[in-house]
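Participant: This is the structure I have questions about; it appears just below.
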Amino acid sequence: MKKLETYVRKGSFYKAVVEDGSDIIFIVDFDGKILYHNASVHETLGYRAKSLIGKNFFDFVLPASLEEFKTSFKQTQKRAYTEKVEFQFLCKDRTYRFLEFNAINLKNKEGLPGLILDCRDITQRKDDAVELLRAQKAKEQFLANISHEIRTPINGIAGIAGLLSKNQNPEEREMYLNAIRHSSENLKVIINDILDLAAIDSGKLKFEKIAFNLKDLLPSLISTFTYQAREKNLALHYTIDESLNKILLGDPVRLNQVLINLISNAVKFTHTGAIHVKCEMEKLQKGICHVCISVKDTGVGIPAEKLNTIFESFSQADESVTRRYGGSGLGLTIARQLVELQNGRIEVQSQEHIGSTFTVRIPYAVGSTKISKQTPHIASHVDNTTRNVRVLLVEDNDINRLYAKSILQTWKCNTDIAENGLIAIEKLKSNAYDVILMDVQMPVMDGYEATKAIRMMPQPMGNTPIVALTANATKIDVEKCLVAGMNDYLSKPFTPEDLYEMLFEKLKIVPASTSEVVATTKKYDLAYLKNMSGNNQEFIKEMLQTFIQSIPSSLNDMEEALTVSDFSKVARVAHQIKPSMTLLGIDHLKDSAVRIEELTKETTTPSLELQLGVMDFVQACREVTNDLAEELKKY
């Protein structure tokens, strides 16, 4: 033992490393006596320099795990080197921190009965692991709840639809239809919550800046809950400060969404008593009105330990809440994010079995103009904007096709159907459309591939507006739609109003005149060749023969070059073919050749767009070559 202490006192052994290092270094003998520790002990654990020397290491280990630690410590004495032994060490402030040591056995190195313990603070890592596990469990619970909540209305709809197929009297039929409508609305609320959260996370949610007055907005909102409150014998009332009788500039729809969530929760979780909504102005400063709206209830309340997580995704105050009360469990998450995205904040105060108060604070600019009451578009309204608009609906699901087509028919649109992307492309070759509604996930050819292929087609077909119909509204999915060449996207499930707004307000789709409709694009036009040669039949014949003989080998070269990722050769072949396209009036393929050249400059790997582009270009060239071979027979 004296030899070990002498070894430590000499200090030359590792000081250059351990004194300047960030790791905590202990030297202990086989009985646990601390012979040395470096300065990092003070920084991490709070103990002054040399203050632990002479004390026993075991006295600082968490008592509950001491026996397990001693077992690991004894095993360490039998090895030359030991890695990653976890334990909790008592700090100066009487808290415990998680440490992990790697041990060098001095018995093997120096013949001395001691260990050099290189310890690292892993408290944050352990905390993160606990939080990750909590979040994972919450997410699993959320998915279980969502699965239950989605299945319930679907089962109801399916069951009642079966009853409707039998002969029923008018009263029963109306009752069943109302039940289906109710189940559909419940299902839509859950799905919309998920889509709203996805839109917020993707950064695609936009906020309006329009004039509104809380004295107009709130009474209308409260009235929508009057029936529900009356059914539960709850008092529902509100107050608005007279100082808020002014024009505010902001997004009343998003504010409405937040308040609907808070009030509906208050009604849902309150069984006796009252709900009070209070609006007041906290301050008016530099043209900004700081609005404070509180929703107070006498409901079941929230446990104190759950208040910090109540606004988190996939989290509710109680895991059984969704089972008992329904919903997605995302409402408060969405409300918080909507408030914060408007530079506001939302807070909660609650006592279990007494009630809760949710408070929203949002700053709004004060407007000086009168509110213009705009009449919203009625989805069933038919006018010159919607009549005769030619729509290609690309959708593989029968129910979704029927729903979208029914909406379009009420607007007197001319709707064509395609079950997948490949059929859509074939229809587009022989028909002109004002807009394409493109489902994303389809068999044979999905919406992304179909869109990329359409964008390679000649004009005007290749420029047809394309709207993605997608159940996925995450940032990655939305970006993928736009990168593929789609103009915009519409999240499923969408309402007739959503579709109307997208087509006729945002994209401003209008029916093309009859003269603009091109039935079939002509594959070649020899007018330029005839004009420049003075209609010299021999010259025209020679040009056709040269093209027909040279093109096949060039196309083979292009395909082979793409296979080995020789993009410079792909571009070179496309460039060589272009002049012939001009002479023979094959303008649409000339544009495709130009696009292929551009794509080869933008990539170092064979992108899907380039592969599809070359494939379509080669196929189209071979088709036009066959047509020109028939043309040659005339000469």
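Participant: Take the range 574-608 and flag every residue that is modelled with pLDDT of 80 or more, over 35 Å from the mean Cα position of the chain (by Cα) and assigned to a helix (DSSP H, G or I).
Facilitator: ALA574, HIS575, GLN576, ILE577, LYS578, PRO579, SER580, MET581, LEU583, LEU589, LYS590, ALA593 - these are the residues of the range 574-608 that are modelled with pLDDT of 80 or more, over 35 Å from the mean Cα position of the chain (by Cα) and assigned to a helix (DSSP H, G or I).
Participant: Does the range 504-533 hold any residues that are at pLDDT 80 or above and buried (at least 17 other Cβ atoms within 10 Å of the Cβ), and which are they?
Facilitator: If the condition is that a residue be at pLDDT 80 or above and buried (at least 17 other Cβ atoms within 10 Å of the Cβ), then PHE504, ILE509, PRO511, TYR524, LEU526 are the ones that fit.
Participant: Only one of LYS55, LYS107 is out of contact with any His (no Cβ under 7 Å at 6 or more places or on another chain) and at pLDDT below 90; which?
Facilitator: Only one candidate qualifies: LYS107.
Participant: While we're here: What about ALA424, is it surrounded by fewer than 21 Cβ atoms within 10 Å (Cβ to Cβ), modelled with pLDDT of 90 or more and small (Gly, Ala, Ser)?
Facilitator: no
Participant: I need the full set of residues from the range 39-72 which are more than 49 Å from the chain's Cα centre (by Cα) and within 15 Å of GLU100 (Cβ to Cβ), in order please.
Facilitator: Within the range 39-72, PHE57 is the sole residue that qualifies.
Participant: Among the residues of the range 581-635, what is the count of those that are touching a residue at least 40 places away in the same chain (Cβ under 8 Å), of a type in the set (Val, Ile, Thr) and more than 21 Å from THR546 (Cα to Cα)?
Facilitator: Matching residues across the range 581-635 total 2.
Participant: Which residues, counting only those in the range 568-584, are hydrophobic (A, V, I, L, M, F, W, C) and more than 15 Å from PHE617 (Cα to Cα)?
Facilitator: LEU583, LEU584
Participant: For the range 62-74, state whether one or more residues are under 17 Å from CYS119 (Cα atoms), in a strand (DSSP E or B) and aliphatic (A, V, I, L, M).
Facilitator: Scanning the range 62-74 turns up no residue that is under 17 Å from CYS119 (Cα atoms), in a strand (DSSP E or B) and aliphatic (A, V, I, L, M).
Participant: Scan the range 21-34 for residues that are buried (at least 19 other Cβ atoms within 10 Å of the Cβ) and either part of a loop (DSSP other than H, G, I, E, B) or among the aliphatic types (A, V, I, L, M) (or both) and jot them down.
Facilitator: Answer for the range 21-34, where residues must be buried (at least 19 other Cβ atoms within 10 Å of the Cβ) and either part of a loop (DSSP other than H, G, I, E, B) or among the aliphatic types (A, V, I, L, M) (or both): ILE24, ILE25, ILE27, VAL28, ILE34.
Participant: Would you check if GLU501 is surrounded by 13 or more Cβ atoms within 10 Å (Cβ to Cβ), modelled with pLDDT of 85 or more and not assigned by TED's automatic domain parsing to the domain that holds MET486?
Facilitator: Judged against the criteria, GLU501 is not a match.
Participant: Can you say whether ALA571 is within 26 Å of ASN463 (Cβ to Cβ), surrounded by 14 or more Cβ atoms within 10 Å (Cβ to Cβ) and modelled with pLDDT of 85 or more, as far as the supplied structure shows?
Facilitator: Yes; evaluated as a whole, the condition is true for this residue.
Participant: Before we move on, is ILE310 surrounded by fewer than 21 Cβ atoms within 10 Å (Cβ to Cβ) and part of a helix (DSSP H, G or I)?
Facilitator: Considered against the rule, which asks whether it is surrounded by fewer than 21 Cβ atoms within 10 Å (Cβ to Cβ) and part of a helix (DSSP H, G or I), ILE310 comes out as no.
Participant: Where in the range 212-298 are there strands (runs of 3 or more DSSP E), lying wholly inside it, with at least 2 residues that are touching a residue at least 24 places away in the same chain (Cβ under 8 Å) and touching a Leu at 6+ places or on another chain (Cβ under 8 Å)?
Facilitator: Values: elements: 235-240, 248-250, 274-285, 288-297.
Strands (runs of 3 or more DSSP E) meeting the threshold: 235-240, 274-285, 288-297.
Participant: So, in the range 20-49, exactly how many residues are farther than 25 Å from GLN75 by Cβ, at pLDDT below 85 and in contact with a helix residue (DSSP H, G or I) (Cβ under 8 Å, 6 or more places away or on another chain)?
Facilitator: So the count comes out to 3.
Participant: If LEU408 satisfies every condition in (1) in contact with a Leu (Cβ under 9 Å, 6 or more places away or on another chain); (2) of a type outside the set (Lys, Arg); (3) modelled with pLDDT under 85; (4) not in a loop (DSSP other than H, G, I, E, B) but one, which is the exception?
Facilitator: Among (1) in contact with a Leu (Cβ under 9 Å, 6 or more places away or on another chain); (2) of a type outside the set (Lys, Arg); (3) modelled with pLDDT under 85; (4) not in a loop (DSSP other than H, G, I, E, B), the lone unmet condition for LEU408 is (3).
Participant: Let me ask something else about it. When you go through GLU83, GLU43 one by one, which is the residue that is surrounded by fewer than 16 Cβ atoms within 10 Å (Cβ to Cβ), without any contact (Cβ under 8 Å) to a residue 24 or more places away in the chain and part of a helix (DSSP H, G or I)?
Facilitator: Every option except GLU43 fails the conditions.
Participant: Name every residue in the range 452-504 that is among the aromatic types (Phe, Trp, Tyr), in contact (Cβ under 8 Å) with a residue 24 or more places away in the chain and farther than 16 Å from VAL389 by Cβ, in order of residue number.
Facilitator: Here is the first cut: in the range 452-504, the residues among the aromatic types (Phe, Trp, Tyr) are 489, 494, 500, 504.
Remaining after also requiring in contact (Cβ under 8 Å) with a residue 24 or more places away in the chain: 494, 500, 504.
PHE494 - this is the single residue of the range 452-504 that is among the aromatic types (Phe, Trp, Tyr), in contact (Cβ under 8 Å) with a residue 24 or more places away in the chain and farther than 16 Å from VAL389 by Cβ.
Participant: A further question follows. Looking only at residues that are touching a strand residue (DSSP E or B) at 6+ places or on another chain (Cβ under 8 Å) and among the small types (Gly, Ala, Ser) in the range 360-397, which one is modelled with the highest pLDDT?
Facilitator: ALA365
Participant: Let me ask something else. Please go through the range 92-124 and give me each residue that is surrounded by 16 or more Cβ atoms within 10 Å (Cβ to Cβ) and in a loop (DSSP other than H, G, I, E, B), ordered by number.
Facilitator: Of everything in the range 92-124, those that are surrounded by 16 or more Cβ atoms within 10 Å (Cβ to Cβ) and in a loop (DSSP other than H, G, I, E, B) turn out to be LEU112, ILE122.
Participant: For CYS119, state whether it is touching a Gly at 6+ places or on another chain (Cβ under 7 Å) and in contact (Cβ under 8 Å) with a residue 40 or more places away in the chain.
Facilitator: When the stated conditions are applied, CYS119 does not pass them.
The values are calculated or read from the model by the stated rules, or taken from the named source; none is laboratory data. Everything quoted here is computed from the prediction, not taken from an experiment. As a convention, Cβ positions derive from the backbone with ideal geometry for all residues, glycine included, and neighbour counts pool all protein chains shown.
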